[in-house]
Amino acid sequence: MKTSVQITHSPETWKNLQNEVGQILRECGFYAKVDKNIETTRGTVDVDVYAEDHSRVPEIKYLIECKHWKTRVPKTIVHAFRTVVSDFGANVGLIVSSVGFQSGAFDTVKKSPVKLVNWREFQDLFINVWSEHYFTPELYKVADPLREYTEPINSRIFRKANLLSKERQTKFKELRAKHLALALYALPLFHDLSLFGMLLPKLPIKESLQDLDSHGIYLPQDILDAATLRELLEALSRNCISTIAEFDEVFGERA
């Protein structure tokens, strides 16, 4: 499923581009090595990123070249990379270009396992796998206690709350009301993986949510301002951790 949402911002240098590609693939659950020497039928070749997807049978091997150039990648470079992919026997070859490709480059990779993509298109290829294997599990790690503290019915939490002083019971209720919006926004993102793409609004979410404060709905500003999925994950994690700490303080422990 195509999406207009980015995992992270466009890298500023070739090294950043190479490292970001490797990081995203590792977060997808792949083995990924940056700047790797490989053996082909014609000898040793250095590739920017080598990756293996062991979740597939047979496994899928990727060769990836990262071109953070000021000019479009010419078809001669594309043709040479296509040869490397063929000589190595990779399942997929990707050239990630910051500014695109020259005329004729796409004809060069027809009927081959090589794809020519820009940074956004590279992220589109892996965004669903990344969301399932990284975004969702990472958010679950930090946010699940918030679910327990804020869900409408939780007999275990409520039994503990009833043992608190009246002052702490009041504080508990205030926290539940204050942070309900955070819980309602964060929790569905790790409850139904198959719906991730549909649940996630266009970023930043402040553009699609109007007048929250006037309706008594509070979401922290860094969540509203997050422009990429990585920024959103970081903002959600920070706020979930600090919010859970407030609940923990009321109970004197993790309830």
*asked:* Please count how many residues of the stretch 166-202 are under 20 Å from Trp130 (Cβ atoms) and either at pLDDT 75 or above or surrounded by 17 or more Cβ atoms within 10 Å (Cβ to Cβ) (or both).
replied: 8
*Only residues in the stretch 58-79 that are in the same structural domain as Ala32 (by TED's automatic domain parsing) and among the hydroxyl-bearing types (Ser, Thr, Tyr) count as the first member; pair them with residues that are surrounded by fewer than 19 Cβ atoms within 10 Å (Cβ to Cβ) and part of a loop (DSSP other than H, G, I, E, B), Cβ under 8 angstrom, at least 6 apart or cross-chain, and list the lot.*
Tyr62/Asn91; Thr71/Val99
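The values are calculated or read from the model by the stated rules, or taken from the named source; none is laboratory data. Everything numeric in this text was worked out from a predicted model, so none of it was measured. Because the Cβ atoms are built from the backbone with ideal geometry, glycine has one as well, and the counts that use them run over all protein chains shown.
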